[in-house]
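*Asks:* Quick one: this structure, given as structure tokens, is what I'll be asking you about.
FYI, it's all coordinate maths here, none of it is from the lab. Just so we're clear, the structure is a prediction, and the values are computed from it rather than from any experiment. A quick note on method: Cβ atoms are made from the backbone with ideal geometry, for glycine too, and the neighbour counts reach across all protein chains shown.
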Amino acid sequence: MTENEKAHGPEHEQDLTRRKVIMAGGAVMAAVGVGGGLAMTASASESTATTGPSGTASSTSSAAETCYQLTSETTEGPYYIDADKLRQDITENKEGIPLTLTLKVIDSDTCKPIRNAAVDIWHCDALGIYSGYESLSTGGGGGGGGGGGTPPTGAPSGTPTGTPTGEPPSGPPGGTGGGGHEEPTDDERYLRGTWRTDKQGRVTFRTIFPGWYRGRTVHIHTKVHVDGKWTDAGYEGGHTCHTGQFFFDEESVLASAEVEPYSTSTTERTTLTEDHIYDQSGIAGGLLKLKYDKKHIAKGVLGSITMGVAPDETHDGT
């Protein structure tokens, strides 16, 4: 392990029952920069071109709009932190392939865009490490720690016998099985952020293509919060109407694996079809539409998806 892996920052206390984000600089609707001009909208033809039943037309939709099935709910995983970074660029100079992620949030019943919703995203870095949990993450590679690497050889010793007792574990580190929340072990917050949807229900983030860690395919976590209030302090109140994950097709992941620092990872990768969280339903299951130069993915990737949510329901992923 590196010294960074071993280091434990101060305990980061969070009130997980309260939606409040602290905003630096005061201005909520800052320009997104270059990424702002890259917004894309998923369509019915796009959804049918992707594997699985991903979208259906609605009788309430206009010619320019398409309703989707309710987007799949998933576990939030153990590494969620109630957002304290109101921003669109969440990169914090982390090394990796640039990713511009454009999301659209619509009411799955009416197909109308949901404006002023607070959208969280968070994901691991290029080597599978989560900010706030660097000492617990299970990534691996030459440039960063948290576990992984070459698995041990030989038969295990001290194998337990008898019937296990007590509560089952909440799942392995890294969000592979859902279950309980882990308290943060450090004050890092890279690759995490919250922003508001515009009147078209869109929000754009600038980040990097995620890496992978043992037991999970490449993914990004998300939450959508509604019925709260945007104040000078940020976003308060309301409820979580969607907790989900976004996924990447195998072609893009294999291409990313040829680029540093992804190529230095020694962690065994779980494919999209092997992942136990992705439900294999295409866009409805969180599969992103991606655009990039097939020969030069390192130049950057554009990702987009439309999320159909039920704004009156609560899905907090716990």
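*Asks:* Excluding residue 270 itself, what net charge comes from residues whose Cβ is under 9 Å from its Cβ, given Lys and Arg +1 and Asp and Glu -1?
*Replies:* 0
*Asks:* In whole Å, what is the distance between the alpha-carbon centres of the range 186-219 and the range 256-300?
*Replies:* After rounding, the separation between the Cα centres reads 14 Å.
*Asks:* Moving on to the next point. Students often get this wrong, so check it: of 112/289; 85/299; 104/291; 223/299; 104/295, which have C-alpha atoms separated by over 19 Å?
*Replies:* 112/289; 85/299; 223/299; 104/295
*Asks:* Once the piece of chain linking residue 274 and residue 257 is laid out straight, how much longer is it, given 0.36 nm per residue of separation minus the C-alpha distance between them?
*Replies:* 4.4 nm
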